[in-house]
Amino acid sequence: MPRTCAVTLIELLVIVSLILVLIGMLLPMASIHHGPASKTACGSNQRQILIAMLVYTNDNGGAWPVRPSDQAGAWLSHPGHDKYTAIGSFEFLAAQMSDMPARIFSCPCEREYHPPGPASHELAAHPDTAASSWCVAAARNVHANPGYLFDWAVPANAPPTRIVIADRARVGQDHQNHVLAAFADGHVASIKPGKITPAADETLGLDDRSDGTSYANPDIAADNIYDGSGDGGQPWTVGSGSATRAWVR
């Protein structure tokens, strides 16, 4: 009769123990590699958005894709609400570039903020009459905000030190408490945190709150990119911007 090979209880326990040891060794490695990979993906998203913006500016006389909006998603004749103009401009850009999925506007490291769905096609065909669905959703639920902020006051032919896009939320482990920002010349860089006294006119900072942590603007010393202290005010020429530094919204 053929002999059967049985596994004893001791041998089974040894096998299970070895598997658990291997899992314990591999999980920290996976966590280590996840952070840099997610950070790279976040930078890639910002770069794709910025490239699409630069394509738009090239086709529109240097004007950036700015669509003044209110919380109902309606078009305004001039910027009236910083936050919703930024959100409406993002959706307007995505609608103009029909191959841009909504997920690009969400940081892979911070899934709390993301657009509610694809951009409205009507916004591309009729930007002055169609409503921005992203603005409407963000007014109802803060988590429907895009994962990035947009300095829509950026001027035409902006210098390479001018920040155009930045993270909405500070991502602790994956970004090492830094924020990623895309600059007017197309490069993406990490900005380390500092401690600058928050300005009274801080309109939309990290995680929609002010906690005393600031991120220094490369253009101006001791200036937080998330507030309007010392900045240039409202850019009434839509899409052409302010000659002096405005803030990320």
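Values in this text are rule-based calculations from the coordinates and carry no lab data. Being a predicted model, the structure only gives us computed values, none of them experimental. Because the Cβ atoms are built from the backbone with ideal geometry, glycine has one as well, and the counts that use them run over all protein chains shown.
Projected label points at His126 and Ala189, each 7 Å from Cα along the beta carbon direction, are separated by 4.4 nanometres.
Computed 3J(HN,Hα) for the range 91-99, one whole-Hz value per residue from the Karplus formula 6.51 cos²θ - 1.76 cosθ + 1.60 where θ = phi - 60°, is 5, 4, 4, 4, 5, 5, 9, 4, 8, glycine and proline marked x. Here r is the Cβ-Cβ distance between Gln71 and Asp99 and R0 is 45 Å; the resulting FRET efficiency, rounded to 0.05, is 0.95. Loop-located trypsin sites (Lys or Arg not before Pro) across the range 62-123 with a Cβ neighbour count of 14 or fewer within 10 Å are Arg111, with loop assigned by DSSP.
Placing a label point 7 Å from the Cα of Glu112 along the Cα-to-Cβ direction, the residues of the range 129-162 whose backbone N falls under 18 Å of that point are 138-150.
Cβ-Cβ distance of Thr8 and Gln176, R₀ of 45 Å, FRET efficiency by 1/(1 + (r/R0)^6): the value works out to about 0.40. Got a sec? Charge dipole of the range 56-152, +1 on Cβ for Lys and Arg, -1 for Asp and Glu; which of His81, Trp134, Ser98 is way out at the positive end? After comparing all options, I get Trp134.
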